[in-house]
Amino acid sequence: MFAFRSQEEIAREAIKHALKALRRRHLVEEGAHGPALIALSIPIISQGSEWKEKAENLETELQQCYKAQSRLSEQLVVEVAESRASKALLKENESQIVSLQEELTQSRDECSQLKADLEEKIEALELIVSENHQIRAQLEEMIAKAKNAEAENKMLIDRWMLQKMEDAERLNEANALYGHLIDQLKASGLEKLARQQVDGVVRRSEEGAEFFMDSIVPTSYKHKINAHEGGCASILFEYNSSKLVSGGQDRSIKLWDTNTGTLSNTLYGCLGSVLDLSITHDNRSVIAASSSNNLYVWDIQSGRVRHTLTGHTDKVCAVDVSKISSRHVVSAAYDRTIKVWDLQKGYCTNTIIFHSNCNSVAFSTDGQTIFSGHIDGNLRLWDIQTGKLLSEVAAHSLAAVTSISVSRSGNIVLTSGRDNMHNLFDIRSLEVCGTLRASGNRVASNWSRSCISPDENYVAAGSADGSMYIWSISKADIVSTLKEHTGSVLCCSWSGIGKPLASADKNGVVCIWA
């Protein structure tokens, strides 16, 4: 700005000096020409034309000086305008420079911050990379250990399978020896087992080692137990015992002393809701059908899971154990299959596939036939060895079969259905020998279980209104109605010694009736 001001002042001073010089020159020339003009006044004819010419030249030169002065003035105005425009442009450039300097300073600060963040990120990345290398090394080490463990496990399984095969061979030899001894005992007359037909019930003699009593019709509840959270879907008594086993939605199996109503043991390990229960004839193992698609086998004495039977692809809703041998188990699931299991080997030996899902299964008393009740309302009989369908009968028309119960003698099978009817079939002819119903009795679910008393004189079944109904088979009429449950009764079971009767509802409450 100082440079532009000095140049403008210099230009102005130069123009002023030029004008002053022209004026001085003009005055000098006028002073110089003064004597000449005086002399010209003298009438000298010879010099008049020459001085006139000089005067004209001087006037011309003066006009030219005036013109030069005007041009210089115009040039000065143009330069002054250009100078002002340059000033404005300079101010604008200076403001832009200040703005750019501020942006540069801000960018430098941001660059410094980004640089610091980058260094921090680089340090974190280096730490993560080092941790990744360590984890990878640990993973490789664990993979190597897993491969070694898998190899050891495979070797142990091979050894275990070999041991089981050897045990099976020894067991077969022992069974053959036992059978031979039994044959010898029968041949020599040392075994005396008499069976007598009394009132349609096959009873064993005192030497037959099975305890038997007449069933008692209960009239009131003895104990009311809050057994399971979320509901109790299955209960049963141990063989020839008053001890009760229950399974519920809380995935637990509980054993109860019905004389005192106290809990004696709890079995854990089931990964789903318990939908059905069964117990081996020696009361050593309990089997649970679960909504987790598996069956679980517990050793009652130790409380540990002995087997987890896998193979079903949908919830397992029914299970039963052979009454002759504690080795064979049958199960049904909502994958339209019925499976036969060998508990000694721990795997499936036969699979029956059918188009209608099965809600309930039961073994015949000889252990050679499987009864199955289906949602199409039919009762079917299967050969356990071949898996072939032996017979089929329409148990409940257009209504699902919810329960199958085989009598102690093996002569009668009880079926219950969603048509709220309870039918008794003669196993030998598969003809209906009795139909039981009540106006208030309504079957609560597809897995509601009814039962026959041990002396085959009564049938007990629960209802959706919370009542327990007991019918006399001979009279085909209700002999007792028990009301204590506040929820739908899902299952009931009669002790093999004739009393008590137990029932369970969807609230998880178990009632002991006496």
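At-a-glance table
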item: Förster radius 41 Å - calculated FRET efficiency between Lys145 and Ser112 (Cβ-Cβ, nearest 0.05); result: 0.25
item: Separation in nanometres of the label points that stand 7 Å from Cα toward Cβ, at Thr349 and Glu392; result: 2.6
item: Protein accessible area in the chain, 1.4 Å probe - carbon and sulfur %; result: 53
item: Residues Arg84 and Ile122, FRET efficiency given R0 of 60 Å [Cβ-Cβ distance, rounded to 0.05]; result: 0.60
item: Ser241 paired with Asp342, simple spin-label distance in nm, labels 7 Å along Cα-to-beta-carbon; result: 2.7
item: Angle in degrees between helix 45-188 and the longest Cα principal axis of the chain, rounded to the nearest 10; result: 10
item: Nearest 10 degrees, 0 to 90: helix 2-41 Cα axis against the chain principal axis; result: 20
item: Those lysines that a straight Cα-Cα span of less than 19 Å connects to Lys388, excepting residues fewer than 8 apart in one chain; result: Lys339
item: Computed over the chain: relative contact order in percent, which uses C-alpha pairs under 8 Å that are six or more apart; result: 11
item: Per-residue HN-Hα couplings for the stretch 414-424 [Karplus 6.51, -1.76, 1.60; θ = phi - 60°; Hz; x = Gly/Pro]; result: 9, 10, 10, x, 6, 7, 6, 10, 10, 9, 10
item: Which label in (1) 59.1, 202; (2) 25.3, 100; (3) 57.7, 202 gives the computed Rg and Dmax of the Cα atoms in Å; result: (3)
item: Over 18 Å between alpha carbons, listed pairs Lys243/Lys315; Lys222/Lys483; Lys164/Lys345; Lys224/Lys254; result: Lys243/Lys315
item: Additional length obtainable on full extension of the chain from His281 to Arg437, 0.36 nm per residue less Cα span; result: 53.0 nm
item: Net charge, Gly230 excluded, C-beta distance under 14 Å - Lys, Arg +1, Asp, Glu -1; result: 0
item: Inter-label distance for Glu59 and Arg136, nm, one decimal - labels placed 7 Å from Cα along Cα-to-Cβ; result: 10.9
item: Solvent-accessible area per residue, Å², over the chain with all protein chains present [probe radius 1.4 Å]; result: 58
item: Packing-based ranking, highest mean first, of 149-158, 434-443, 226-235 given that Cβ atoms within 10 Å are counted; result: 226-235, 434-443, 149-158
item: Structure-based [θ]222 nm, the chain - -39500 (n - 2.57) summed over DSSP H runs of at least 4, per residue, nearest 500; result: -13500 deg cm²/dmol
item: Burial ranking of peptide ranges 136-148, 495-507, 239-251 (average Cβ count within 10 Å, highest at the top); result: 495-507, 239-251, 136-148
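The values are calculated or read from the model by the stated rules, or taken from the named source; none is laboratory data. Just so it is clear, the structure is predicted and the values come from calculations on it, not from any experiment. Positions of Cβ are generated from backbone atoms using ideal geometry, with glycine treated the same way; all protein chains shown enter the neighbour counts. Areas reflect the complete protein model, heavy atoms only, side chains present, ligands, DNA and RNA absent. Shrake-Rupley method; radii C 1.70, N 1.55, O 1.52, S 1.80 Å.
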